[in-house]
1. Looking for something loosely packed, with under 14 Cβ neighbours inside 10 Å, at pLDDT below 90 and under 22 Å from the mean Cα position of the chain (by Cα) - is there at least one such residue anywhere in region 91-102?
2. Among the residues of region 75-92, are any in the same structural domain as ASP220 (by the TED database), in a loop (DSSP other than H, G, I, E, B) and of a type in the set (Asp, Glu)?
3. Taking region 316-365 as the region of interest, how many residues are open to solvent by less than 90 Å² (accessible area, probe 1.4 Å) and over 19 Å from LEU299 (Cβ atoms)?
4. Which members of region 176-198 meet the condition of being surrounded by fewer than 16 Cβ atoms within 10 Å (Cβ to Cβ) and in contact with a Cys (Cβ under 9 Å, 6 or more places away or on another chain)?
5. Please determine, by comparing only the residues of region 168-197 that are more than 18 Å from the chain's Cα centre (by Cα) and among the polar types (S, T, N, Q), which one is modelled with the lowest pLDDT.
6. Please identify the pairs in which a residue from region 141-157 that is under 23 Å from ARG170 (Cα atoms) and open to solvent by less than 10 Å² (accessible area, probe 1.4 Å) has its Cβ atom under 7 Å from the Cβ atom of a residue that is modelled with pLDDT of 95 or more and basic (Lys, Arg), counting only partners at least 6 apart or on another chain.
7. Show the residue pairs that are 6+ apart or on different chains and have beta-carbon atoms under 7 Å apart, the first residue being within region 329-358 and farther than 15 Å from CYS314 by Cβ, the second being open to solvent by 90 Å² or more (accessible area, probe 1.4 Å) and part of a helix (DSSP H, G or I).
8. Look through region 114-134, keep the residues that are touching a helix residue (DSSP H, G or I) at 6+ places or on another chain (Cβ under 8 Å) and under 17 Å from ASN350 (Cβ atoms), and return whichever of them is most open to solvent (accessible area, probe 1.4 Å).
Amino acid sequence: MSPVFPMLTVLSMFYYMCLRRRARTATRGEMNSRRAIESNTRALPINVEIVQYAKEVLDFSSHYGSENSMSYTMWNLAGIPNVYPSSGDFTQTAVFRTYGTWWDHCPSARLPFKRTPPTFCSQDYVELAFEEPVYPTAVHILETYHPGAVVRILACSANPYSQNPPAEVRWEILWSEAPTKVNGPQARQFTPCIKQINFPTNLIRLEVNSSLLDYYTELDAVVLHGVKERPVLSLKTSMIDMNDIDEDEDEEKYGCGMDTLNKQFSIVNLREWPTNGYFDKLPYELIQLILSHLTVPDLCRLAQTCKLLYQHCCDPLQYIHLSLQPYWARINDTSLEYLQSRCTLIQWLNLSWTGNRGAISVSGFSR
């Protein structure tokens, strides 16, 4: 056998090890390259915009590639772009495991959970850490194949590189939108209009929904723009809720009409009406059916209104099928303990995406 082949094998293995190490530790290229870096290395002004690529992939729900490979894995999101602005199917990109709706219709598909909020449509996620905590001004997502899957962008108050973890971890939605179908599989730079937040962050989470796509979406890199100092609130952002103004105007406009209507109602003998409008006269099963359409937070709020509704909202029959995935950012040991007495008859429980960063302990889950 020619000695060339063993040498090629050794070189291939060495190249693979180097490539994997660079992706995991985010040393590909100039990972921390920033537009505001000065040549004389002086301290940066706090109001200068910082531009940085993801330093590390901290967590994700799924990826197409295997754990022992760099092809189609989430690790490819760390660092500078490998493919962009080229379009096409490249192994150097990050690819989630599913697309379309075929996996919802296959025989092995799970039945959908009830009480899922209509605004929650995320199917996968990836969390990215950046070097510098900043107040975000823009997030650029470089999509190289079948774009349009990103539905939510979130920012976390916790610094993944801090030695002192905060007592409370807060997640804020920077941008959210229902899934949309993009015409064509060509590459694009997706830059949604994000909202301002009141804390610096270097932990960004992308959530995707690929149900409308004809093929796998492929992501190449994520760029975070931000400043060190909290920006002044934009003049376009109103400090007054416009709905409150409309309500006040309606009260002034229709005040006389309401007085007339009250006089008409006073003619009817209302003293025989109970204060709950005969709601307690409904069959128990019917009230349970009505409440079955509420989400878990709505049930908790409704339970605080009266003893009757408290009894219905705490009935274990309301919690036979329970999915806590939409509330992953707020679920901890206290939440599980609060729900424990209500889940005595539970059959299906979905805790996907919950428990990150010690939010749920082993003992809390066991209890």
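The values are calculated or read from the model by the stated rules, or taken from the named source; none is laboratory data. Every value quoted in this text rests on a predicted model; they were computed, and no experiment measured them. For neighbour counting, all protein chains shown are included, and Cβ atoms are generated from backbone atoms with ideal geometry for every residue, glycine included. In case anyone asks, the SASA skips ligands and DNA or RNA and just uses the protein heavy atoms, side chains included. Shrake-Rupley method; radii C 1.70, N 1.55, O 1.52, S 1.80 Å.
1. Pass one, region 91-102, residues loosely packed, with under 14 Cβ neighbours inside 10 Å: 101-102.
Within this subset, residues satisfying the condition of being at pLDDT below 90 are 102.
Those left that are additionally under 22 Å from the mean Cα position of the chain (by Cα): none.
Checked against the condition, which is being loosely packed, with under 14 Cβ neighbours inside 10 Å, at pLDDT below 90 and under 22 Å from the mean Cα position of the chain (by Cα), region 91-102 yields no hits at all.
2. Step one: filter region 75-92 for residues in the same structural domain as ASP220 (by the TED database), giving 75-92.
Narrowing further to those that are in a loop (DSSP other than H, G, I, E, B): 78-92.
The next check asks that each one be of a type in the set (Asp, Glu); those that pass are 89.
Among the residues of region 75-92, at least one is in the same structural domain as ASP220 (by the TED database), in a loop (DSSP other than H, G, I, E, B) and of a type in the set (Asp, Glu), which makes the answer yes.
3. The number of residues fulfilling the criteria is 11.
4. Listed by number, the list holds a single entry, ALA178.
5. Going through region 168-197, the residues more than 18 Å from the chain's Cα centre (by Cα) turn out to be 181-189.
Restricting the remaining residues to those that are among the polar types (S, T, N, Q) gives 183, 186, 189.
On the way: ASN183: 88, GLN186: 94, GLN189: 96.
Checking each candidate, the answer is ASN183.
6. Short answer, once both residue conditions are applied: LEU154/ARG205; CYS156/ARG205.
7. LEU336/PHE365
8. For region 114-134, the residue satisfying everything is THR116.
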